């Protein structure tokens, strides 16, 4: 494990812990956010037959860096009528919520922030901080659009947490573990051991599980998409109705914090889907490191597979964003309560019966 | 219940159709033209900034009179005898020095009405459309090829010639007057003399 390795290297528990806790931020979230913002712009542009940023660097690859520099230079504006403390605290809270989720995500067999047994529940719980941050931002902005956006966000995230948790419960029932590390280790070896294809079970059970697993995967993907407030579920931001929702009054680095939180969240939920249904960091067809006998290569390969899977789901999120128009509020609620929740209950029940078999 | 399942299926299926469409567009070449580095193909008979080929201009003032917004300002000076102004490309002899030919593109409405009356086809539309300026005065384009000193020179020449002519006229008139005045005296004298003689 990364922590033990660093502990042996540095000889100090505090230093090792510090480095391990900062690694996801500096090695992963920041570069990912830089890359994802550019990817979002390029994907959206090419889906609309445009080119996207082209001027900064080759085909605009330095665009996000230029944007970050611009945001850093900006004055830190705090409108006079705001609730100062909450206003300044909100972006931090939103970012902490999405950052903390990375603590329990196994990037590879070698590197996982903390190997807690309640991994998945921890992630769902700590992501709740984002709701608090958004609600705080909306309330403290003292702006009716911000408040409307924040209320919508809260309503939406709380509603969509139910189908998410029901599907998570299904997986817990099937696998008997809450730890994401154990979940990933369970789906090792080849891709037919992934839970989307029935998991490591064999025989009739596996075949019976496949349709429910595919349905469950679609449901959890949709509901987590709604939890991170992306189109078609972006009614809290809804730039054509609410200016830009809860971050209307924010500028400069505070706005960048919200932005970073959004992109970190995007990856976090994609990672959850990848871990629960697509084998997490496991390679679909064995490891080159094992074949060649280079054991040090295996964690790197695992990291590669994990980021590729995560990035693929992030790409699908972007793909959906430029395909589907935004829901109305009533449609959003109807979709959750009338379709997703009944379906996930049925899946929970039937998967339970199959697991008993 | 059947409708419910059907709705769910329909929702899922149509989303996949939409995703197929957007995925196809991911590989369609972009329609964007990288403007300042790549310029779009302009249509034939485009109407942009005017240009005046002063070698061909005979200073006939027809374009200025055709202009609906009076943005063309022309002043001409007659050449003095013996000066060779050359010929236009279609063989007309030039007789006037064009000392002012200003087109104010702030006023110009790009109607192309000035282009048709020109007898020598020296005023025409170009494909230049990027000529914005910070000051309105900078949009007044001077097409005259003569130097400022030359323009003054031409005017002076003409005035001198005019003055010379005037002087000549006056001299001639004086002469004539003198002749008209003088001869009668002898004539008067002569008849007188003759009468006296007679």
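Figures for the structure shown
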| quantity | calculated |
| --- | --- |
| At R0 = 30 Å, FRET efficiency that the Cβ-Cβ distance of residue B:19 and residue A:22 yields, to 0.05 | 0.20 |
| The stretch B:50-150: proportion of alpha-carbon pairs further apart than 21 angstrom, % | 34 percent |
| Whole-Å semi-axes of the stretch A:2-122's equivalent ellipsoid (Cα gyration tensor) | 32, 23, 15 |
| Rule-of-thumb Rg ratio for the stretch B:1-94 [Cα; 2.2 N^0.38 Å; N residues] | 2.61 |
| Mean Cβ count within 10 Å, highest first, over the residues of peptides B:145-157, A:71-83 | B:145-157, A:71-83 |
| Rg/Rh (Cα only; Kirkwood hydrodynamic radius) as it applies to chain A | 0.98 |
| Virtual spin-label span in nm between residue B:93 and residue A:300, 7 Å along Cα→Cβ | 9.1 nm |
| Per-residue Cβ neighbour rank within 10 angstrom, fewest leading, A:339, B:124 | B:124, A:339 |
| Folded to 0 to 90 degrees: helix B:184-197 orientation relative to chain B principal axis, Cα | 20 degrees |
| Chain B, relative contact order in percent, only Cα pairs under 8 angstrom and at least six apart counted | 22 percent |
| Between the stretch A:195-237 and the stretch A:7-75, the alpha-carbon center distance in angstrom | 28 Å |
| In range of the label at residue A:71: residues from the stretch A:268-293 whose backbone nitrogen is under 17 Å from the point 7 Å along Cα→Cβ | A:268 |
| Full-extension gain in nm, residue B:116 to residue B:38, via 0.36 nm per residue minus C-alpha separation | 24.9 nm |
| Residue B:176-residue B:127 pseudo-label distance in nm [points 7 Å out on the Cα-to-Cβ vector] | 6.1 nm |
| Global geometry of chain B, whether rounded, prolate or oblate, following the gyration tensor of its Cα atoms and the 1.5 cut on a/c | prolate |
| Whole-Å distance, taken between Cα centres, linking the stretch B:107-154 and the stretch A:240-308 | 62 Å |
| Choice from A:51, A:292, A:225 with maximal GNM fluctuation in chain A (Cα, 10 Å cutoff) | A:292 |
| Residue A:84-residue B:160 pseudo-label distance in nm [points 7 Å out on the Cα-to-Cβ vector] | 8.3 nm |
| Whether the stretch A:164-310 is rounded, prolate or oblate, judged on the alpha carbon gyration tensor where a/c under 1.5 counts as rounded | oblate |
| Radius, Kirkwood style, for the stretch A:62-140 when every pair of distinct Cα atoms is counted (Å) | 14.8 Å |
| Relative contact order of the stretch A:33-188, pairs being alpha-carbon contacts under 8 Å that are 6 or more residues apart, as % | 20 percent |
| All-pairs Cα distance distribution in the stretch A:240-357, expressed in whole percent, bin size 10 Å | 11, 22, 32, 22, 10, 2 |
| Peptide-level mean, for B:28-39, of C-beta atoms on other protein chains within 10 Å | 3 |
| Rg/Rg_globular for the stretch B:110-177, with Rg_globular taken as 2.2 N^0.38 Å and Rg from C-alpha atoms | 1.92 |
| Other protein chain Cβ atoms within 10 Å, averaged over every residue that makes up A:323-336 | 1 |
| For q = 0.14, 0.23, 0.32 Å⁻¹, Debye-computed log10 I/I(0) when each Cα of the stretch A:317-357 counts as one equal scatterer | -0.51, -0.79, -0.95 |
| Relative contact order for the stretch A:242-357, counting Cα pairs under 8 Å that sit 6 or more residues apart, in percent | 21 percent |
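No lab work stands behind these numbers, since they all come straight from the coordinates. Since we're looking at a predicted model, the values are computed, not measured. Methodologically, a virtual Cβ is constructed for each residue, glycine included, from the backbone with ideal geometry; neighbour enumeration extends over all protein chains shown.
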